[in-house]
Amino acid sequence: MLKQAGAIEVNNLFEALEVAKALATQPLPRGNRVLVITDSGGMGIQSVDALDTRGLQVPELSESLQEILRKQLPPLAVTRNPIDLTGSATDAMYKFVLDTVLPTNHVDMALISAQMQLPGMTPRLANYIINATGFGKPIVVFSIGGNEDARTFRAKLEESGVPIYDRLEVAAKALRALYDYAVIRGVAAAEYS
């Protein structure tokens with residue numbers, strides 16, 4: 001009955017508020033393929049697990065697109081998707097990946113995992129993420145940490161309407177809700193699920 005009515009199901013009030021944040025601020029995706037960018041291989045794996053559990057795809061990028069990424073990223077970076085920028089990640093690396101991959105038809109939305117504790121990371125990354133919303137694809141951010149840079153980063157994103165979460169499962173649930181609503185509205189095809 002809920003599905004027929006076009007309702008998006010959540011588990012509790014907290015999740016409802018967090019999912020509503022994405023639904024209120026992000027465009028609807030055309031499919032369920034997610035670009036994952038992270039500064040930690042372990043977090044990349046956890047992201048894929050959280051997305052896969054919710055029926056979202058993390059497609060491997062084409063060899064030609066990976067080659068473009070490899071030319072600009074450090075040798076240890078993983079370019080398949082999830083894209084692992086490693087502990088040497090910088091704001092500029094995230095910007096390069098967003099500007100290179102989001103405009104393509106390889107992905108429909110993005111999950112960005114960024115921890116402000118790394119030396120190359122600054123609140124300036126928020127500006128790059130905000131600018132990437134211009135590609136018209138939903139973006140959600142997962143970030144933990146409580147230092148001053150992390151608080152500034154979070155505030156900039158929230159002020160600009162980019163959802164930021166401190167629980168990876170909720171970020172994945174928000175992307176799934178966006179996809180589900182896109183199917184309900186006829187923007188995305190249900191066969192992607």
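The values are calculated or read from the model by the stated rules, or taken from the named source; none is laboratory data. The structure displayed is predicted, hence computed values, not measured ones. As a convention, Cβ positions derive from the backbone with ideal geometry for all residues, glycine included, and neighbour counts pool all protein chains shown.
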Are there any pairs, at least 6 apart or on different chains, whose C-beta atoms fall under 7 Å, with the first in the range 33-61 and over 11 Å from V78 (Cβ atoms) and among the basic types (K, R) and the second modelled with pLDDT of 95 or more and part of a helix (DSSP H, G or I), and if so, which?
R54/A172; R54/K173; R54/R176
All but one of (1) hydroxyl-bearing (S, T, Y); (2) within 22 Å of A24 (Cα to Cα); (3) at pLDDT below 95 hold for Y192; state the number of the condition that does not hold.
(2)
Can you find even one residue in the range 106-116 that is touching a Gly at 6+ places or on another chain (Cβ under 6 Å), without any contact (Cβ under 8 Å) to a residue 40 or more places away in the chain and closer than 19 Å to S47 by Cα?
yes
Working carefully through the options G186, G136, find the one that is closer than 25 Å to E9 by Cβ, small (G, A, S) and out of contact with any helix residue (DSSP H, G or I) (no Cβ under 8 Å at 6 or more places or on another chain).
G186
Is it the case that A89 is outside any helix (DSSP H, G or I) and either over 30 Å from M1 (Cβ atoms) or within 17 Å of the chain's Cα centre (by Cα) (or both)?
yes
Restricting to the range 125-166, name every residue that is touching a residue at least 40 places away in the same chain (Cβ under 8 Å) and assigned to a loop (DSSP other than H, G, I, E, B).
G136, K137, P138, G161, V162, P163
Odd one out for R30, checked against (1) modelled with pLDDT under 95; (2) surrounded by 15 or more Cβ atoms within 10 Å (Cβ to Cβ); (3) more than 13 Å from the chain's Cα centre (by Cα)
(1)
